[in-house]
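Scroll down for the structure; my scribbles are underneath it.
The values are calculated or read from the model by the stated rules, or taken from the named source; none is laboratory data. Everything quoted here is computed from the prediction, not taken from an experiment. Cβ: placed from backbone, ideal geometry, glycine included. Neighbour counts: every protein chain shown. To get the accessible areas, we keep the full protein, side chains included, count just its heavy atoms, and leave off ligands, DNA and RNA. Shrake-Rupley method; radii C 1.70, N 1.55, O 1.52, S 1.80 Å.
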Amino acid sequence: MAAALSKNSCLGYYFLLLCLIGFISHPAKAAVKKYLFDIQVKNVSRLCHAKPIVTVNGRFPGPTVYVREGDRVQVNVTNHAKYNMSIHWHGLKQFRNGWADGPAYITQCPIKTGHSYTYDFNVTGQRGTLWWHAHIFWLRATVYGAIVIMPKPGTPFPFPQPHREETIILGEWWNSDVEEIEKQGSKLGLPPNASDAHTINGKPGPLFPCSEKHTFAMEVEQGKTYLLRIINAALNDELFFAIAGHNMTVVEVDAVYTKHFTTQAVLIAPGQTTNVLVQATQSPNRYFMAARPFMDAPLTVDNKTAAAILQYKGITNTVIPILPKLPAPNDTAFALSYNAKLRSLNSPQFPANVPLKVDRHLFYTIGLGINPCPSCLNGTRLTASLNNITFVMPQIGLLQAHYFNTKGVFRLDFPDNPPSPFNYTGVPLTANLGTTLGTRLSKIVYNSTVQLVLQDTNLLTVESHPFHLHGYNFFVVGTGIGNFDPKKDPAKFNLVDPPERNTVGVPTGGWTAIRFKADNPGVWFMHCHLELHTSWGLKTAFVVENGVGPDQSILPPPKDLPPC
């Protein structure tokens with residue numbers, strides 16, 4: 001009997017060994033990760049106010065999507081709210097698959113109440129921190145969450161392995177209904193009220209009334225290293241983030257590894273993500289993590305500080321945390337020096353393939369404007385424009401119109417340069433502030449290389465603008481204050497290891513130059529990620545043509561694509 005057992009055990013071990021060899025010889029196929037997102041309204045209380053908000057699965061912030069590089073992701077979204085809904089997977093390239101990108105009336109019509117749509121996409125050649133959010137109206141005020149893409153199995157991080165990681169999502173909170181606030185502003189032709197608080201993981205922290213229990217806290221152990229995945233989900237504010245007594249080492253931005261540098265504070269614009277390492281090497285205590293806006297233009301923002309707590313193990317909750325020293329709200333010098341430190345890793349494993357030859361040069365001015373509006377408070381409406389064109393949203397998806405060659409939805413005559421050059425950042429211009437309205441796009445040849453210079457202007461006022469390009473990463477090859485000089489400035493471009501991003505800040509009264517290779521066919525939205533400016537028309541889209549073969553063409557639309 002014992003001999004038989006021993007023989008069976010040996011056979012069992014031999015079979016297990018064969019299985020292991022087979023597993024090692026034949027790597028596992030890419031996994032399919034499935035998620036269910038139920039869009040539902042839930043009553044939530046913050047700042048002594050309770051109100052119904054739109055959520056995913058009743059959670060605020062919504063659930064984190066965990067995937068691995070190479071996975072296929074299927075997210076079934078069912079809309080139980082009274083608003084139409086669409087979800088954007090911010091920073092995912094959606095190669096040939098704009099149908100899964102998500103911006104309403106750009107790549108799809110929204111999901112109507114009582115209906116579902118499955119976003120089906122592959123995560124190819126990307127790893128790191130991205131995020132998802134509603135991409136219709138101002139619903140991303142509460143409908144957002146993180147995307148964490150782990151590297152392929154056996155691929156280590158290009159930085160010290162952290163003991164643990166934590167997601168930090170920065171947001172905004174309004175005591176009133178956000179959609180009603182936006183509608184009221186639109187009706188008056190004026191900016192809507194600023195938010196009542198900023199939040200960290202949906203919580204404003206103990207510096208606000210009724211917020212002791214609405215405070216995020218993370219526990220750390222002495223001597224351990226932690227990875228923070230920081231996301232700015234705020235609608236309208238660039239934010240500083242700092243931890244009292246602790247430096248941070250930046251290792252990644254927008255899901256692209258960077259050369260490491262240490263900083264006391266992070267600057268992060270709406271739409272951007274930043275991964276940092278934090279070493280718990282200070283004396284055991286409770287330390288505040290804090291976020292507040294950066295604004296170096298004469299504009300009103302919600303200037304209050306959101307706080308969370310970093311707490312060493314063994315320290316009681318009765319200890320009052322220490323506050324960090326954040327940069328001054330208008331610290332332009334810190335903002336410029338921080339962004340200048342960002343560099344791509346550019347290693348053999350993670351190269352920076354910067355386009356060196358440019359096929360198409362684009363120059364877009366960013367401006368505010370004033371158009372007539374007889375029903376508005378002052379008889380005028382504030383607008384925003386690129387090259388003096390205020391974008392008008394269509395009634396059907398632009399990608400459908402392009403794919404099915406539907407006439408009359410958009411024009412392909414967006415100008416490569418401003419129609420009337422002027423001293424863009426000189427004295428404030430307050431005359432001739434009218435803009436042209438239209439759904440005008442720019443056509444890009446497949447596989448061509450594009451350089452786009454985004455130039456802020458002093459139409460009404462200068463201001464910083466974070467611009468997001470869907471479907472692509474791009475290289476930030478140059479930036480500067482004042483007017484872009486096409487003769488002198490390109491000589492100073494970084495074409496070796498510029499940061500690679502999907503969202504970039506155009507500095508107040510300055511310019512930013514980006515480059516990308518148009519190797520992803522489709523219709524791809526580009527817009528300011530300040531929700532106020534997007535709703536005012538600070539947006540456009542690129543139509544990237546198909547290449548020659550089927551693997552260079554847009555995929556057919558899915559059968560459950562929401563109808564218009």
Check your understanding: Each residue of the range 56-63 in turn: what ³J(HN,Hα) in whole Hz from Karplus with 6.51, -1.76, 1.60 and θ = phi - 60°, glycine and Pro shown as x?
Key -> 10, 6, x, 10, 9, x, x, x
Practice item. For the chain, give the share of DSSP beta bridges that are antiparallel, in percent and rounded to the nearest 5; count only bridges with both residues there. Key: 70 percent
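Volume per residue, Å³, of the convex hull around the alpha-carbon atoms of the range 393-435? Walk me through the intermediate numbers first.
Numbers: hull volume 5.4 nm³, N = 43.
Convex hull of Cα atoms, per residue: 126 Å³.
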Revision key, fill the gap. Amide H proximity to ASN330 below 5 Å, modelled H, separation 5+ or other chain, gives MET295
Point to revise | Relative contact order [Cα under 8 Å, 6+ residues apart], the range 510-553, whole percent | key: 41 percent
Point to revise | Geometric extent, Cα atoms of the range 63-182 - Rg, Dmax (angstrom) | key: 15.9, 49
**Study point:** Three-way shape label, the range 312-388, alpha-carbon gyration tensor, a/c 1.5
**Key:** oblate
**Study point:** Residue-normalised accessible area of the chain, given per residue in Å² at a 1.4 Å probe
**Key:** 42 Å²
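What dipole magnitude, in Debye to the nearest 20, does the chain give about its Cα centre under +1 on Lys/Arg Cβ and -1 on Asp/Glu Cβ?
Working: 47 positive and 37 negative charges, 183 e Å.
Result for the chain is approximately 880 debye, rounded to the nearest 20.
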Review point. Which pairs, out of LYS213/LYS313; LYS34/LYS559; LYS203/LYS304; LYS357/LYS539; LYS51/LYS82, put more than 22 Å between their alpha-carbon atoms?
Key: LYS357/LYS539
Practice item. Could you give the C-alpha radius of gyration of the range 379-510 expressed as a fraction of 2.2 N^0.38 Å, taking N as the number of residues it contains? Key: 1.18
Study note, to complete from the structure: The answer for PHE37, listing residues at least 5 apart or on another chain whose modeled amide H is closer than 5 Å to its amide H, is ASN76, VAL77, THR78
Point to revise | Options TYR446, ILE396, THR332, ranked by Cα towards positive dipole end of the range 327-449, top entry (Cβ charges) | key: TYR446
Exercise for review: Hey, can you grab everything whose amide H is under 5 Å from the amide H of GLU165? Only 5+ residues off in sequence or another chain; H modelled, so Pro and N-termini drop out.
Suggested key: LEU227
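In µm²/s, what is D for the range 249-305 at 37 °C and 0.692 mPa s, where D = kT/(6 pi eta Rh) by Stokes-Einstein and Rh is the Kirkwood radius from Cα pairs?
Details: Rh = 13.8 Å.
For the chosen part, D equals 237 µm²/s.
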Exercise for review: Could you tally the net charge around LYS224, taking each other residue with its Cβ under 15 Å from the Cβ of LYS224, Lys/Arg +1 and Asp/Glu -1?
Suggested key: -2
Check your understanding: How large is Rg over Rh for the range 53-118, taking Rg from the Cα atoms and Rh as the Kirkwood inverse mean of 1/r across Cα pairs?
Key -> 0.96
**Study point:** Integer Hz, Karplus 6.51/-1.76/1.60 couplings in order for the range 186-191, x for Gly and Pro
**Key:** 5, 5, 7, x, 10, x
Check your understanding: What number in nm² do you get for the range 263-375 if you take the convex hull of its Cα atoms and divide its surface by four?
Key -> 14.1 nm²
**Study point:** Bridge type composition, the range 32-124 - antiparallel percent by DSSP, nearest 5
**Key:** 65 percent
Check your understanding: Computed FRET efficiency, Cβ-Cβ of LYS152 and LYS33, R0 22 Å: what is it to the nearest 0.05?
Key -> 0.95
**Study point:** Heavy-atom accessible surface of the range 241-303: percent carbon and sulfur, 1.4 Å
**Key:** 43 percent
Practice item. Roll a 1.4 angstrom probe over the protein heavy atoms and tell me the percent of accessible area of the range 324-444 that is carbon or sulfur. Key: 56 percent
Check your understanding: In the range 465-522, carbon and sulfur make up what percent of the accessible area (probe 1.4 Å)?
Key -> 55 percent
Check your understanding: Over the chain, what is the relative contact order in whole percent, taking alpha-carbon pairs under 8 Å and six or more residues apart?
Key -> 14 percent
Exercise for review: Largest first and to the nearest Å, give the Cα extent of the chain along each principal axis.
Suggested key: 97, 63, 54
Point to revise | Estimated FRET transfer efficiency (GLN552, GLN40; beta-carbon r; R0 51 Å; 0.05) | key: 0.80
Review point. So what's the Cα pair-distance distribution over the range 431-564, bin width 5 Å, in %?
Key: 2, 9, 16, 19, 20, 16, 9, 5, 3, 1, 0
Review point. Based on the alpha-carbon gyration tensor of the range 229-281 and its eigenvalue square roots a ≥ b ≥ c, which shape applies: rounded if a/c is under 1.5, prolate if not and a/b is larger than b/c, or oblate?
Key: oblate
Check your understanding: Which whole-Hz couplings ³J(HN,Hα) result when phi for each residue of the range 354-360 is put into the Karplus expression 6.51 cos²θ - 1.76 cosθ + 1.60, θ = phi - 60°, listed in order with x for Gly and Pro?
Key -> 6, x, 8, 9, 10, 8, 9
Practice item. Over the range 79-236, calculate the relative contact order: mean separation of alpha carbon pairs under 8 Å at least 6 apart, over the residue count, as a percent. Key: 21 percent
Study note, to complete from the structure: Out of ASN175, GLY128, GLY185 - ranked by how far each Cα lies towards the positive end of the dipole of the range 114-187, with unit charges on the beta-carbon of charged residues - the top one is GLY128
